[in-house]
1. So if R0 is 51 Å, what FRET efficiency would Ile184 and Asp158 give, r being the distance between their Cβ atoms, rounded to the nearest 0.05?
2. Using amide H atoms built 1.01 Å from N in the peptide plane, name the residues 5+ places from Glu115, or on other chains, whose amide H lies under 5 Å from its own.
3. Taking R0 as 41 Å, what's the FRET efficiency between Thr264 and Asn338 from their Cβ-Cβ distance, rounded to 0.05?
4. Can you give me the Rg/Rh ratio for the chain, using Cα atoms for both radii and the Kirkwood formula for Rh?
5. Please give the length that would be gained between Asp727 and Lys216 if that part of the chain were fully extended, namely 0.36 nm times their separation in residues minus their C-alpha to C-alpha distance (nm, one decimal).
6. Would you list which aspartates and glutamates come within 12 Å of Lys721, measuring only between C-alpha atoms, while excluding same-chain residues fewer than 8 positions from it?
7. Please work out the Cα center distance from the stretch 288-340 to the stretch 341-357, rounded to the nearest Å.
8. Taking amide H atoms as placed 1.01 Å from N in the peptide plane, list the residues 5 or more away in sequence, or in a different chain, whose amide H sits under 5 Å from that of Leu520.
Amino acid sequence: MSKKSGFISEDEYLRLSRDLNNMEYEVKRSEALTNILQLLESEQPFERVVADILKIVGEFLQVSNVSLYKWDEKGENIVSILEWIPDSGVPLLSLVSNEFRTEYIKKCMESGITEYVADISERNSVLEELGIKALLVVPVNVNGKSSMYIGIADTDPDRRWRENTIQFCFDVAKIIQNILLKRIDKNSLISSYTALKEILDNVGSGLFVIDKDTKKILFANNTMKLMANDDMEGKFCNSFGYCGMKHNCEKCDVLDKACIAFETYATENHSWYDIKFNEISWVDGRKVSLCNIQNITEKKKIEKRIEFQANNDFLTGLYNRMSCENDMEKYIALAEENDEHGYVMFLDLDNFKHINDGLGHQYGDMLLKMISLGLQQIKGIENSCYRMGGDEFVIIVVPSEKKRLPEILKEIKYLFNKPWDLNGTEYYCTMSMGIVSYPDDGHDVNELIKKADIAMYSAKKAGKNRIEYYNNKEESSSIKRLDLEKNMRRAIAIGGNEFEVYIQPIVDTYSEECIGGEALIRWNCAKLGFITPNDFIPLAEHLGLIIFIGELFLRRVCSILKKWSDMGINKKIHINLSIVQLVQNNIVEVIKEVIKDTGVNPANIVLEVTESLAINDINHMKRVIREIKELGIEIALDDFGTGYSSLNYIKQMDFDIIKVDKIFIDDIVSDDYAQTFVKLITELSDKLNVKVCIEGVETREQFDTLRDIRVSMIQGYLFGKPIPYRDYERKFLGIEKYDEFKEGKV
Ligand code: C2E
Ligand code: CA
Ligand code: CA
């Protein structure tokens, strides 16, 4: 049936009305699309924008439902995120289970069929149940993957999906996709900016970003804001003084450079800063200057401290060995260049070890500090005193001060001639010094120090407390010193068998009978040959090795004494105890142990000790001597007359025997003073109940003189030189062979 209208045919009319319909549709479609496109620039949240889009789509298509789905986080199910329904409508697509939706959409996408119309497609029970007669699913692709889907559903059984409707839906999907992409970009921008801010805020140094064109601060991290005490952001970079510095943009050209770094000191807050400018692309792509400011004041302080520590001795504050070597090198070069001369002095404290061991390290340290201070106050060397380590110092006299050498030496001597006050008690500490001249004696640091050390050592050998100049002859003896040290350590390491016991007889002045003897050490070195004690004991003391050697020797002698007493022979044998051994804290324990281990009768032992300036703690020494004596051992004061001995000292220390040094005996026959001295000592000793033993008696005349003075004991070549103990046994004790004796043959 066709309708008739005045001038156009029914067909014509139908076609026209269809065209009009189409046009109307097209107008509406483009209207809808324009509306949707406008949403592209919307600042609204994504969901809001898409909800608007779905509404426009739904109203335009006049469908029952438009929904947006997306894959869930795990990528397992497609879930509904937005649903548009007309005012009078009811939820539809959101009611579909996730499983069904996922299954259904997956199948659609695989087959490429996005539309469903109930009467032409296979009926779908789930959709039927919801009353959905037609459904269109359009994917929203992001980065080549369908990440979202638009679902358009209608309950109208007549609904057919026209081609331009489908096209429209695809266009909408593209717009959503676009919005999505923009948002992702913006989001990532925002999130990357947020992340960046967070990162930058956590950086310890101050950071800020300046827009190179506007010279405005785009960003400043928290550290920077605190440093500048200003919020900074949005301000011109010259509107505040960062890190306490006044900043002047006109004069500042850092922004013109891509990258610049410098260190600067801010007087305002007495701080050092390390400043770096770097051109970077900011998050939005513009070129900016990133400034990194670090407060390096602490670092600078540490650097200074390290430099000071590297060049100075931590204890005394004097320059150290390293500075000494550096300075000396410069002085030598300068002296050579200007044809000038200077001096290097090597100073080593005498018996410092005793003070350290005897009093404790804190007193040793105190003394070193006082000496250092004293040296630094001597005019001409204030700035050229160095502590080389331990108790060794080097002093450089530069050419300009060369003429003052005598005064400098006088002042150094004066410094060491007076006692040091250590915690209220006065202590003496002398020094030995070696002097070399540069560049005459050497052109390099090591050579000069070595030669000065050689000279110093010869000062020690000559009796300490003196100054020696270097001369070539000493070199050979010093090479021996190194050899000696090496071999001494070796000799100890292999058990000490190279050290031998020699005994020199001690004779009763009246009966002229051998009443005992003095055990004297000899070193029969496998490498260096036979060495007398004067050649190695001072070094052994210097190196502290005497502690081992001394104990070893004590044990050996005690074993011999035990052997003799087992044979019924009881002779008093004197054993030398070095001052270094004596000041050891455990000396009494060591002696006790030796007595116990060897089984020796202590009554047969006499320990010879020397006085020393180092023994300042008289009370402590008195205690040690008393404790040794309590073991039943006698104590002899050795080398009386050579040191600083005072009679008062003898009284205080309760010695059993005083051994008068050979120097008094050499001239005793002719020298009245020597005679008077020995006489005095003898008379006094009688009163103090102390025996006197005179050493170094070589002639009959000497002996006679001494007998007249009523000296009780004599020791000297006249009655016998030190001989191997076996010979002593044979010669003075009548022992032939111990083994034979044991077997009853002797
Ligand atoms: P000292 O304790 O004063 O020993 C006496 C030194 O004088 C010995 O020298 C001895 O041989 C020497 N002598 C004795 N009578 C005469 C004489 O009539 N004329 C001459 N010209 N000399 C005589 P020695 O054995 O060479 O010892 C030298 C120093 O070495 C000793 O002096 C002592 O200080 C030290 N010494 C020796 N053995 C030991 C030891 O076992 N331990 C320690 N710590 N020092 C020792
Ligand atoms: Ca002696
Ligand atoms: Ca002696």
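1. Details: r = 40 Å, r/R0 = 0.78.
Calculated transfer efficiency: 0.80.
2. Here the answer is Val137, since their amide H atoms fall under 5 Å of that of Glu115.
3. On the way: r = 40 Å, r/R0 = 0.97.
In this case the efficiency is close to 0.55.
4. Details: Rg = 53.5 Å, Rh = 37.1 Å.
Rounded to two decimals, Rg/Rh equals 1.44.
5. Values: separation 511, 0.36 × 511 = 183.96 nm, distance 10.32 nm.
Gain in length upon complete extension: 173.6 nm.
6. Once the sequence-local aspartates and glutamates are set aside, what remains near Lys721 is Glu518, Glu695, Glu698.
7. Comparing the Cα centres of the stretch 288-340 and the stretch 341-357, I get a distance of 25 Å.
8. Tyr502, Ile503, Gln504
Each reported figure results from applying straightforward, stated rules to the coordinates on display, with no laboratory input. Values in this document were obtained by computation on a predicted structure and should not be read as measured data. Using ideal geometry, Cβ is built from the backbone for each residue, glycine included, and neighbour counts are taken over all protein chains shown.
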